[in-house]
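K.L.:
Take this structure first; my questions come after.
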Amino acid sequence: MKLLLVGSEVMPFAATGGLGDVLGSLPAALKTTSPDDDIRLVMPLYSTVSKEYREKMTFIKSFEVELGWRRIYCGVYSLEKDGVTYYFLDNEYYFKRDALYGSFDDGERYAFFCAASLRMMYEVDFYPDILHAHDWQSALAVVYLNLKYRGIKEYQNIKTVFTIHNIQYQGQYDMSLLTDIFGINSCDTGYLEYEGCINLMKGAIHFADYVTTVSPTYANEIMTPAYAHGLDHMLRCYQGKVRGILNGIDYDYYNPKEDKDIVSNYTWRSYGKKAANKTALQEYCNLPVREDVPVYAIISRLASHKGLDLIKHIMEDFIAKNDVQLVILGKGEYDYECYFNYLASKYKDKVSALLVYDRSLSKRIYAAADVFLMPSKSEPCGLSQMIASRYGAVPVTRETGGLYDSIKGYYIDEKGKVCGNGFTFANYDAYELSDRMYAALELYRDKEAWQNLACKVMREDFSWERSAKTYLEMYSTLV
Ligand code: GLC
C-alpha cells in the first residue's frame, strides 16, 4: 500500500501542538507495524525548520502550481527518517513567516499547500493509494482531488481519509474568496458553503471516504451541538463513515528510563528515583525543597477549552488551605497568564508560573510532578495525560473526549485490587474538580497506596502500536 499523509505541522521539523506530535510519530509507527507499505508525508517548508534538518534534505525539483488565476512557484525537498519519506514544499512568500499560523492570508497559504501537494504527485511520480489529510489546513487536498483531478487516470482511484484533530478550527472564510483565493468554480459552491461562509472542513467531510477523529468518545461528541462548533448536522449526515481512533504518544521521546532532559532516570520498578526530579524542579522554581509535599502540575496551552476557568474558580482556596505545591507551564490567553502570575506572586512558597512553551522543561515537570491536572471542557484526544502517566504523575481529568477514553477513575475493588488510573469527574463543575484534587491529596498521604497507583499509571500502554494497527485496518478496507 502507498500512503501520503498531508499535514501542516510535524515534529521535529515544525510544530505548535498536538497535531505536530501526532504527525511526528504516526508515520513511523505505521511503518514499524507494516514495513512493506510505502509511507510518505508532505508538509510546508517553513523558514523555522532548523538548519540541522535542512542540511539533510535533498532538492528534488521545482514546478508551477495553478491556483485560480495565479501561477505559483513551488520547490520540493525531501528527506528520509525512520523509513518514511518526508516532502517539504517550498515557497518563501507563503512560508517565510515568524509563526506557522496567524497570518491574514492563512487561507491562501494552505490552499497553495494543498494544491501543490496534489500537483507534487505528478511531479515526483508518486501516486498514493490513500491520501490522508489532517485538520482544516489540509482539507482542500481532499476537495481539490475530487473537484479537479479525478479526470486524470493516475488520480482516479486515490482514496481519502480526513482526520479532525480539533473541530473548533474549521477554516472559515468569506464567500467572496471562493474563486479568487481558493480557485473553486462558483458551480461547486455547495460543497464548501456552510451557514453563509466557506467552510473548508465541511468540504473535506463531504468528499472523504472516511472521516476520523482522535478518540472514540470525541467521535460521538462531535455529532452534538455542544461540541461540534456548528458542524454536528454535517457529521450526523455522514455518521456512517466517521470513526474515532485514539492517538498514542512517542514512547522513545517520552521515556523516563532514558530521557536525557531529566536529572534522574527511572521506571515503575525504580519509582523511588523519581524523587530526585522533584528536588531539581523545586530548586529550579525556588520552591521549598520538600519530598513530602505533593507537586500538582498544569502543562497546557492557556486556552479556555482546557478547563482553566474551573481552575480559576477553586485553585486559590485549595492552595491557601493545603500543604501543596503547584507548577504551571504554558502560555496563551492574557487573562490566564495574569491569573497564574497573581497566584505565583501571592503564594511564593507554593506556586510557580512558568509562562513559556518549552518541551524540555515540560518533561522535567512531568518527571517531578505527583498530580497532573487536565480538567478540559472538551478534549479531542489529549496527549498530556498520557505523557504524565508515562512519567508517573497521576492525572486528574474530566470525563470528555480522549480523556474519557484514556483515564478511568481510581477505586479499590472488593478484592482489594487497585482499579482505574487517575481521578476523574463528569460535569464541567469546579467543585467536582476540587473534590478530585482533594481525593488525590488524601491518597497521597498514604505513601504505599499512592505508590501503587502511580506505578500502575506508569504501566498503562499509550504507545502507538494499537492505534497504528487500527489505522492500517481502516486503510486496507479502502484499497
Ligand atoms: C489537537 C487536540 C488534542 C489532540 C491533538 C492531536 O491539538 O486539541 O486533544 O490530542 O490535536 O490529535
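K.L.:
Taking only the stretch 184-231 into account, find how many residues are part of a strand (DSSP E or B) and open to solvent by 40 Å² or more (accessible area, probe 1.4 Å). Walk me through it before giving the result.
P.N.:
Just the residues of the stretch 184-231 that are part of a strand (DSSP E or B), to begin with: 193-194, 197-199, 210-213.
Add one more test, that the residue is open to solvent by 40 Å² or more (accessible area, probe 1.4 Å), and what stays is 193.
Summing the residues that are part of a strand (DSSP E or B) and open to solvent by 40 Å² or more (accessible area, probe 1.4 Å) in the stretch 184-231 gives 1.
K.L.:
Can I ask one more? Do any residues in the stretch 168-193 that are touching a residue at least 24 places away in the same chain (Cβ under 8 Å) have Cβ atoms under 9 Å from those of residues that are within 16 Å of the ligand (Cβ to nearest atom) and polar (S, T, N, Q), where the two are at least six apart or on different chains, and which pairs are they?
P.N.:
Filtered contacts from the stretch 168-193: 168/378; 169/137; 171/137.
K.L.:
Restricting the search to the stretch 456-478, which residues are open to solvent by 20 Å² or more (accessible area, probe 1.4 Å), among the aliphatic types (A, V, I, L, M) and out of contact with any helix residue (DSSP H, G or I) (no Cβ under 8 Å at 6 or more places or on another chain)?
P.N.:
478 - this is the single residue of the stretch 456-478 that is open to solvent by 20 Å² or more (accessible area, probe 1.4 Å), among the aliphatic types (A, V, I, L, M) and out of contact with any helix residue (DSSP H, G or I) (no Cβ under 8 Å at 6 or more places or on another chain).
K.L.:
Among (1) within 19 Å of residue 328 (Cα to Cα); (2) open to solvent by 10 Å² or more (accessible area, probe 1.4 Å), which single condition is residue 433 missing?
P.N.:
Against the list (1) within 19 Å of residue 328 (Cα to Cα); (2) open to solvent by 10 Å² or more (accessible area, probe 1.4 Å), residue 433 comes up short only on (2).
K.L.:
Also, quick follow-up: For residues that are buried (at least 19 other Cβ atoms within 10 Å of the Cβ), out of contact with any Phe, Trp or Tyr (no Cβ under 9 Å at 6 or more places or on another chain) and not in a strand (DSSP E or B), tally how many sit in the stretch 32-71.
P.N.:
0
K.L.:
Which one of these does residue 157 not meet: (1) closer than 27 Å to residue 401 by Cα; (2) in a loop (DSSP other than H, G, I, E, B)?
P.N.:
In the conditions (1) closer than 27 Å to residue 401 by Cα; (2) in a loop (DSSP other than H, G, I, E, B), residue 157 misses (1) alone.
K.L.:
Kindly list the number of the only condition in (1) touching a Pro at 6+ places or on another chain (Cβ under 8 Å); (2) over 27 Å from residue 123 (Cα atoms) that fails for residue 172.
P.N.:
It fails just one condition, (1).
K.L.:
Which numbered condition trips up residue 103, out of (1) closer than 21 Å to residue 186 by Cα; (2) free of Cβ contacts under 8 Å to residues at least 40 places away in the same chain?
P.N.:
With (1) closer than 21 Å to residue 186 by Cα; (2) free of Cβ contacts under 8 Å to residues at least 40 places away in the same chain applied to residue 103, the lone miss is (1).
K.L.:
Something else: Taking interchain pairs and intrachain pairs at least six residues apart, which have beta carbon atoms under 6 angstrom, with the first residue in the stretch 2-20 and on the phi > 0 side of the Ramachandran plot and among the hydroxyl-bearing types (Ser, Thr, Tyr) and the second open to solvent by 10 Å² or more (accessible area, probe 1.4 Å) and in a helix (DSSP H, G or I)?
P.N.:
none
K.L.:
Out of everything in the stretch 219-271 that is out of contact with any Ser or Thr (no Cβ under 8 Å at 6 or more places or on another chain) and of a type in the set (Ser, Thr, Tyr), what residue ends up being nearest to residue 390 (Cα to Cα)?
P.N.:
Among them, the one singled out is 254.
K.L.:
Among the residues of the stretch 122-169, write down those that are within 16 Å of the ligand (Cβ to nearest atom) and open to solvent by less than 10 Å² (accessible area, probe 1.4 Å).
P.N.:
Scanning the stretch 122-169 gives 132, 133, 134, 138, 139, 161, 162, 163, 164, 167.
K.L.:
Do we have residue 453 as surrounded by 15 or more Cβ atoms within 10 Å (Cβ to Cβ), at pLDDT 95 or above and closer than 20 Å to residue 317 by Cα here?
P.N.:
In short, no.
K.L.:
Oh, and also: Could you run through the stretch 102-131 and say how many residues are within 21 Å of residue 180 (Cα to Cα) and part of a helix (DSSP H, G or I)? Even if it seems obvious, please write down each step before you answer.
P.N.:
Step one: of the stretch 102-131, the residues within 21 Å of residue 180 (Cα to Cα) are 102-119.
With the extra rule that they be part of a helix (DSSP H, G or I), the set shrinks to 106-119.
Matching residues across the stretch 102-131 total 14.
K.L.:
Report yes if residue 98 is farther than 21 Å from residue 383 by Cα and either in contact with a helix residue (DSSP H, G or I) (Cβ under 6 Å, 6 or more places away or on another chain) or within 15 Å of the ligand (Cβ to nearest atom) (or both), otherwise no.
P.N.:
Answer is no for this residue.
The values are calculated or read from the model by the stated rules, or taken from the named source; none is laboratory data. Remember, predicted model here, so these are calculated numbers, not experimental data. We place every Cβ from the backbone using ideal geometry, glycine too, and count neighbours over all the protein chains shown. We work out accessible area using only protein heavy atoms, side chains counted, and drop any ligands, DNA or RNA first. Shrake-Rupley method; radii C 1.70, N 1.55, O 1.52, S 1.80 Å.
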